[in-house]
């Protein structure tokens, strides 16, 4: 293995879940948590705990500073400013927020261009919010076909919403080009960054997108929290989509004046502990180095794809340079059966449609098996997976 790969192996001891000796290859669904993140959450829930934003006592002020410091860290991760980050329950809620709230800015006749590889969380919210959905096809190797997108986009489109990295194929989007195509027709670009932020350096200014959504739990952080980065002028123009405490300036029975973003979109007591742990996860990832993480995962992807390519009963999906994810299918074996047999060998993969049923229809399969890597993944995980595939073939004949 190359030097970046070897460097990352030193961090496996940071993850208590790996102490039992299992091979975790489901990081695209949810990454394991390092001890640093667990400790940050424990402190925040324990001796440091107080509510935020409302208390005049010292402990509340300290907790507020810690919570808002986490927001600055999350903003810095994607090259944004503190007041451009809205904390949400995850990327799903972030996309729902834009679909509903920016949809009110657009008004009737709103139209969005999605792609065939989108996660359900970047399909269903637009449908529920009343957007007309158009679908961009994929290239032969599983990338969003931006040439086709250019031909499809019209002045009727108010939004383009694409995944930065596919959660099934690992294919990467040329975000800057997608932004240029959207802006030429007056549309905005929302990017689903869930699979990108754990493994790629992201700079929203360089990408020139308008919204960027991601979740903490795929970034080695806690569940129940995520973030929406948005251009400040767009956030300022958007109405709130939930009402309650903290998102107001003044309330009377005759009407309410709302707070400025991001508070406008954060009704109620926030996920305080999760927010602080989110910040700790950002610290951890940056200490490991996103370039090193990407190089490490790329080496593992190359190793697994090359090994699977030597098996004539396995089909591998997506481009050769997929980012941290390898999806495949075995002839005559349902992915659920493969996943069950691998579990007996203490190998954890994902098996199913991966919340991307339209993509499965496009691929012509009901489901795939998916191995996804993290900074703690190693060659022995691949070896265990391949042993399990060989055992599965012996069982099924």
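Of 273, 282, 326, all but one fail to be within 19 Å of residue 196 (Cβ to Cβ), outside the structural domain of residue 391 (by TED's automatic domain parsing) and touching a residue at least 12 places away in the same chain (Cβ under 8 Å); the exception is 282.
Restricting the stretch 329-347 to residues that are within 25 Å of the chain's Cα centre (by Cα) and buried (at least 18 other Cβ atoms within 10 Å of the Cβ), the residue that is nearest to residue 171 (Cα to Cα) is 329.
For the stretch 50-65, filtering for residues that are surrounded by fewer than 13 Cβ atoms within 10 Å (Cβ to Cβ) and within 18 Å of residue 277 (Cβ to Cβ) leaves 1.
Return yes when residue 135 is crowded, with 24+ Cβ neighbours inside 10 Å and touching a residue at least 12 places away in the same chain (Cβ under 8 Å) and no when it is not. Walk me through how you get there before you give the answer.
On the way: crowded, with 24+ Cβ neighbours inside 10 Å: no; touching a residue at least 12 places away in the same chain (Cβ under 8 Å): yes.
It is false that residue 135 is crowded, with 24+ Cβ neighbours inside 10 Å and touching a residue at least 12 places away in the same chain (Cβ under 8 Å).
Note on the stretch 73-89: residues that are surrounded by fewer than 22 Cβ atoms within 10 Å (Cβ to Cβ) and touching a residue at least 60 places away in the same chain (Cβ under 8 Å) total 7.
If I filter the stretch 333-351 for residues that are outside the structural domain of residue 201 (by TED's automatic domain parsing), under 21 Å from residue 122 (Cα atoms) and in contact with a strand residue (DSSP E or B) (Cβ under 8 Å, 6 or more places away or on another chain), do I get at least one hit? Break it down into steps so the answer makes sense when it comes.
In the first step, residues of the stretch 333-351 are kept if they are outside the structural domain of residue 201 (by TED's automatic domain parsing); the result is 333-351.
Now restrict to residues that are under 21 Å from residue 122 (Cα atoms): 350-351.
Keeping just the survivors that are in contact with a strand residue (DSSP E or B) (Cβ under 8 Å, 6 or more places away or on another chain) gives 350-351.
Taking every residue of the stretch 333-351 in turn, at least one turns out to be outside the structural domain of residue 201 (by TED's automatic domain parsing), under 21 Å from residue 122 (Cα atoms) and in contact with a strand residue (DSSP E or B) (Cβ under 8 Å, 6 or more places away or on another chain).
Residue 147 meets all of the listed conditions (1) at pLDDT 95 or above; (2) more than 26 Å from residue 363 (Cβ to Cβ); (3) surrounded by fewer than 16 Cβ atoms within 10 Å (Cβ to Cβ) but one, namely (2). If only residues of the stretch 150-161 that are farther than 22 Å from residue 324 by Cβ and touching a strand residue (DSSP E or B) at 6+ places or on another chain (Cβ under 9 Å) are counted, the one that is surrounded by the most Cβ atoms within 10 Å (Cβ to Cβ) is 160. Of all residues in the stretch 293-319, those being over 21 Å from the mean Cα position of the chain (by Cα), farther than 15 Å from residue 381 by Cα and in contact (Cβ under 8 Å) with a residue 24 or more places away in the chain number 3.
For the stretch 323-366, residues that are modelled with pLDDT of 95 or more and outside any helix (DSSP H, G or I) total 26.
Does residue 83 qualify as being at pLDDT 95 or above and more than 19 Å from residue 231 (Cβ to Cβ)? So that I can check it myself, show each step before the final result.
Numbers: at pLDDT 95 or above: yes; more than 19 Å from residue 231 (Cβ to Cβ): no.
So residue 83 does not fit the description; no.
Just checking, does the stretch 32-47 include any residue being in contact with a strand residue (DSSP E or B) (Cβ under 9 Å, 6 or more places away or on another chain) and in contact (Cβ under 8 Å) with a residue 60 or more places away in the chain? Among the residues of the stretch 32-47, at least one is in contact with a strand residue (DSSP E or B) (Cβ under 9 Å, 6 or more places away or on another chain) and in contact (Cβ under 8 Å) with a residue 60 or more places away in the chain, which makes the answer yes.
Of the residues making up the stretch 154-166, those that are out of contact with any helix residue (DSSP H, G or I) (no Cβ under 6 Å at 6 or more places or on another chain) and farther than 20 Å from residue 370 by Cβ are 154, 155, 156, 157, 159.
Please return the ranges of helices (runs of 4 or more DSSP H) entirely within the stretch 1-111 where 2 or more residues are under 16 Å from residue 222 (Cα atoms) and in contact with a helix residue (DSSP H, G or I) (Cβ under 8 Å, 6 or more places away or on another chain). Even if it seems obvious, please write down each step before you answer.
Details: elements: 3-9, 35-45, 58-77, 91-97, 103-106.
The helices (runs of 4 or more DSSP H) meeting that bar are 35-45, 58-77, 91-97.
The values are calculated or read from the model by the stated rules, or taken from the named source; none is laboratory data. The shown structure was predicted, so the numbers you read here are calculated from the model rather than taken from an experiment. Methodologically, a virtual Cβ is constructed for each residue, glycine included, from the backbone with ideal geometry; neighbour enumeration extends over all protein chains shown.
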